[in-house]
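Right, one structure below, let's go through it.
The values are calculated or read from the model by the stated rules, or taken from the named source; none is laboratory data. These figures come from a predicted structure and were not determined experimentally. Note that we place each Cβ from the backbone using ideal geometry, even for glycine, and neighbour counts take in every protein chain shown. All accessible areas refer to the heavy atoms of the entire protein, side chains included, with ligands and DNA or RNA removed. Shrake-Rupley method; radii C 1.70, N 1.55, O 1.52, S 1.80 Å.
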Amino acid sequence: MVVVCKGNLKTVNNRLIDAELDTKEQVFFGFNVFFQSWYDRWIENRPYPTIQIDTANLLTTFLDDDKKWAIVPFSIANHLRESNQCHIYYLQNMPPNRITYQIRKKDPTSSAAEGLQIFDACVDFLRREQVNREIYELFTNHTN
């Protein structure tokens, strides 16, 4: 989870100071209960955002000026950055990581085994790419 913003936000050691973010300018993207629980503790006594969305497609609509910002999954932030629509920032106190589960039959059929092996290889590749991207972001100036 990272912060996205069209404008430049003030950072210290490549991190945003949580308390300095104006929640009145936030576009709240609430997508699961784990994030919501963290967020309720994180916001403390600050005003709750007036703009709340539940789909990533609305981000570009509501992040319409340099002051608006949102906390989103890294994959969404990376897509927005690649299309030159935002900068990516890391919070001082990071939200919890997203957890993804892969559920499958205990004993798959022999005809499904080859497909599952290909799928597993693709998932492993994507996981490694995500970790490599996150490591790269931590060690580069990701606000440019």
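Which one is surrounded by the fewest Cβ atoms within 10 Å (Cβ to Cβ) among residues in region 59-68 that are in contact with a strand residue (DSSP E or B) (Cβ under 9 Å, 6 or more places away or on another chain) and outside any loop (DSSP other than H, G, I, E, B)?
THR61
Do we have ILE71 as under 26 Å from GLU129 (Cβ atoms), modelled with pLDDT of 90 or more and either in contact with a Pro (Cβ under 8 Å, 6 or more places away or on another chain) or open to solvent by 40 Å² or more (accessible area, probe 1.4 Å) (or both) here? Quick ask: steps written out before the conclusion?
On the way: under 26 Å from GLU129 (Cβ atoms): yes; modelled with pLDDT of 90 or more: yes; either in contact with a Pro (Cβ under 8 Å, 6 or more places away or on another chain) or open to solvent by 40 Å² or more (accessible area, probe 1.4 Å) (or both): yes.
Judged against the criteria, ILE71 is a match.
Need the failing condition index for TRP42 against (1) open to solvent by 90 Å² or more (accessible area, probe 1.4 Å); (2) not in a loop (DSSP other than H, G, I, E, B), just the number.
Checking TRP42 against (1) open to solvent by 90 Å² or more (accessible area, probe 1.4 Å); (2) not in a loop (DSSP other than H, G, I, E, B), the one that fails is (1).
Could you please let me know if ALA77 is without any contact (Cβ under 8 Å) to a residue 12 or more places away in the chain, on the phi < 0 side of the Ramachandran plot, open to solvent by less than 70 Å² (accessible area, probe 1.4 Å) and assigned to a helix (DSSP H, G or I)? Working first, answer last.
Numbers: without any contact (Cβ under 8 Å) to a residue 12 or more places away in the chain: no; on the phi < 0 side of the Ramachandran plot: yes; open to solvent by less than 70 Å² (accessible area, probe 1.4 Å): yes; assigned to a helix (DSSP H, G or I): yes.
When the stated conditions are applied, ALA77 does not pass them.
Select from region 80-112 the residues that are within 23 Å of SER37 (Cβ to Cβ), surrounded by 11 or more Cβ atoms within 10 Å (Cβ to Cβ) and among the aliphatic types (A, V, I, L, M) and write down the one among them that is modelled with the lowest pLDDT.
This residue is MET94.
Being surrounded by 14 or more Cβ atoms within 10 Å (Cβ to Cβ) and under 16 Å from the mean Cα position of the chain (by Cα) is the filter; apply it to region 45-57 and report the residue that is modelled with the highest pLDDT. Give the derivation first.
The first filter runs over region 45-57 and keeps only residues surrounded by 14 or more Cβ atoms within 10 Å (Cβ to Cβ), leaving 46, 49, 51, 53, 56.
Those left that are additionally under 16 Å from the mean Cα position of the chain (by Cα): 53, 56.
Working: ILE53: 94, ALA56: 89.
Within region 45-57, the match that is modelled with the highest pLDDT is ILE53.
With respect to ASP40, is the statement that it is of a type in the set (Asp, Glu) and in contact (Cβ under 8 Å) with a residue 24 or more places away in the chain true? Steps first, answer last, please.
On the way: of a type in the set (Asp, Glu): yes; in contact (Cβ under 8 Å) with a residue 24 or more places away in the chain: no.
Here the answer is no, as ASP40 does not meet what is asked.
Could you say whether any residue in region 8-29 is in a loop (DSSP other than H, G, I, E, B), open to solvent by 40 Å² or more (accessible area, probe 1.4 Å) and in contact with a Lys or Arg (Cβ under 6 Å, 6 or more places away or on another chain)?
There is no residue in region 8-29 that is in a loop (DSSP other than H, G, I, E, B), open to solvent by 40 Å² or more (accessible area, probe 1.4 Å) and in contact with a Lys or Arg (Cβ under 6 Å, 6 or more places away or on another chain).
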